[in-house]
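This report concerns only the one structure given below.
The values are calculated or read from the model by the stated rules, or taken from the named source; none is laboratory data. Predicted model, so just to flag it, every value in this text is computed and none were measured. Using ideal geometry, Cβ is built from the backbone for each residue, glycine included, and neighbour counts are taken over all protein chains shown.
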Amino acid sequence: MPSSVDVAEYFLILEGEGGEISNLKLQKLMYYAQGFSLALRGEPLFLEPIEAWMHGPVVSSLYHRFKDFGSNPIPPANDFNPSVLSQDERRLIEEVYDVYGQYSAWKLRQLTHEEDPWRNNFAEGEYSREIPQREMERYFRENLVN
């Protein structure tokens, strides 16, 4: 199973040099990739938990890896090998990118704030709370997968 870094690096490759994927946008793409993987494949795309933070769903370890970029675009790594992802995993990430990659970070933030997995798990005053995978799977299956 790929790590969240593997999935993130593939998103960055899809965006390419000079892209517009900031840490905020990347976090939302990761959330959608995980949700669709749970709903369509019945398994997570990566094991790291997703937490409900003030600005939406976040993979904490990934946030800290890229936080020095601030709100600037994150360049793809030169040494990432996409073959660590299966063809099925790459296809899912590409589909998520095709649908959600067109939106700005703030539009994606707004979308996630309207969805139950974040709304049910965000608590004002708390730094973070994990969004259960079973809750994401149910929401994506019932609301976003046709």
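Quick check on P73: is it outside any helix (DSSP H, G or I) and under 11 Å from the mean Cα position of the chain (by Cα)? No: the conditions fail for P73. For segment 35-48, the criterion of a residue being at pLDDT 95 or above, closer than 14 Å to M136 by Cβ and among the basic types (K, R) is satisfied by at least one position. State whether the residues of segment 42-57 include one that is within 18 Å of L24 (Cβ to Cβ) and of a type in the set (F, W, Y). Scanning segment 42-57 turns up at least one residue that is within 18 Å of L24 (Cβ to Cβ) and of a type in the set (F, W, Y).
When the residues of segment 60-73 are filtered to those that are of a type in the set (A, V, I, L, M, F, W, C) and more than 18 Å from L47 (Cα to Cα), which remaining residue is surrounded by the most Cβ atoms within 10 Å (Cβ to Cβ)? Lay out the reasoning, then the answer.
Here is the first cut: in segment 60-73, the residues of a type in the set (A, V, I, L, M, F, W, C) are 62, 66, 69.
After this cut, where a residue has to be more than 18 Å from L47 (Cα to Cα) as well, the list is 66, 69.
Values: F66: 19, F69: 14.
Ranking the candidates gives F66 first.
Scanning segment 86-104 for any residue that is closer than 21 Å to Y139 by Cβ and touching a strand residue (DSSP E or B) at 6+ places or on another chain (Cβ under 6 Å) turns up nothing. Taking P76 as meeting all but one of (1) within 15 Å of S4 (Cα to Cα); (2) free of Cβ contacts under 8 Å to residues at least 60 places away in the same chain; (3) surrounded by 12 or more Cβ atoms within 10 Å (Cβ to Cβ), write down the number of the exception. Single failed check for P76: (2). Scanning segment 15-22 for any residue that is under 23 Å from I131 (Cα atoms), of a type in the set (G, A, S) and surrounded by fewer than 21 Cβ atoms within 10 Å (Cβ to Cβ) turns up at least one such residue.
Going through segment 117-146 one residue at a time, which ones are part of a helix (DSSP H, G or I), loosely packed, with under 15 Cβ neighbours inside 10 Å and in contact with a Phe, Trp or Tyr (Cβ under 8 Å, 6 or more places away or on another chain)? Walk me through it before giving the result.
Step one: of segment 117-146, the residues part of a helix (DSSP H, G or I) are 117-119, 133-143.
Cutting the leftovers down to loosely packed, with under 15 Cβ neighbours inside 10 Å gives us 119, 134, 142-143.
Once the filter is applied, which keeps residues that are part of a helix (DSSP H, G or I), loosely packed, with under 15 Cβ neighbours inside 10 Å and in contact with a Phe, Trp or Tyr (Cβ under 8 Å, 6 or more places away or on another chain), segment 117-146 yields nothing.
Taking the conditions (1) farther than 18 Å from S128 by Cα; (2) of a type in the set (A, V, I, L, M, F, W, C); (3) not in a helix (DSSP H, G or I) in turn, A8 satisfies each one other than (3).
There is no residue in segment 115-128 that is under 22 Å from Y10 (Cα atoms), touching a residue at least 60 places away in the same chain (Cβ under 8 Å) and not hydrophobic (A, V, I, L, M, F, W, C). Of the residues that make up segment 88-96, is at least one surrounded by 16 or more Cβ atoms within 10 Å (Cβ to Cβ), at pLDDT 95 or above and part of a loop (DSSP other than H, G, I, E, B)? Within segment 88-96, none of the residues are surrounded by 16 or more Cβ atoms within 10 Å (Cβ to Cβ), at pLDDT 95 or above and part of a loop (DSSP other than H, G, I, E, B). Tell me whether segment 13-23 contains one or more residues that are free of Cβ contacts under 8 Å to residues at least 40 places away in the same chain and over 13 Å from the mean Cα position of the chain (by Cα). Scanning segment 13-23, I find no residue that is free of Cβ contacts under 8 Å to residues at least 40 places away in the same chain and over 13 Å from the mean Cα position of the chain (by Cα), so the answer is no.
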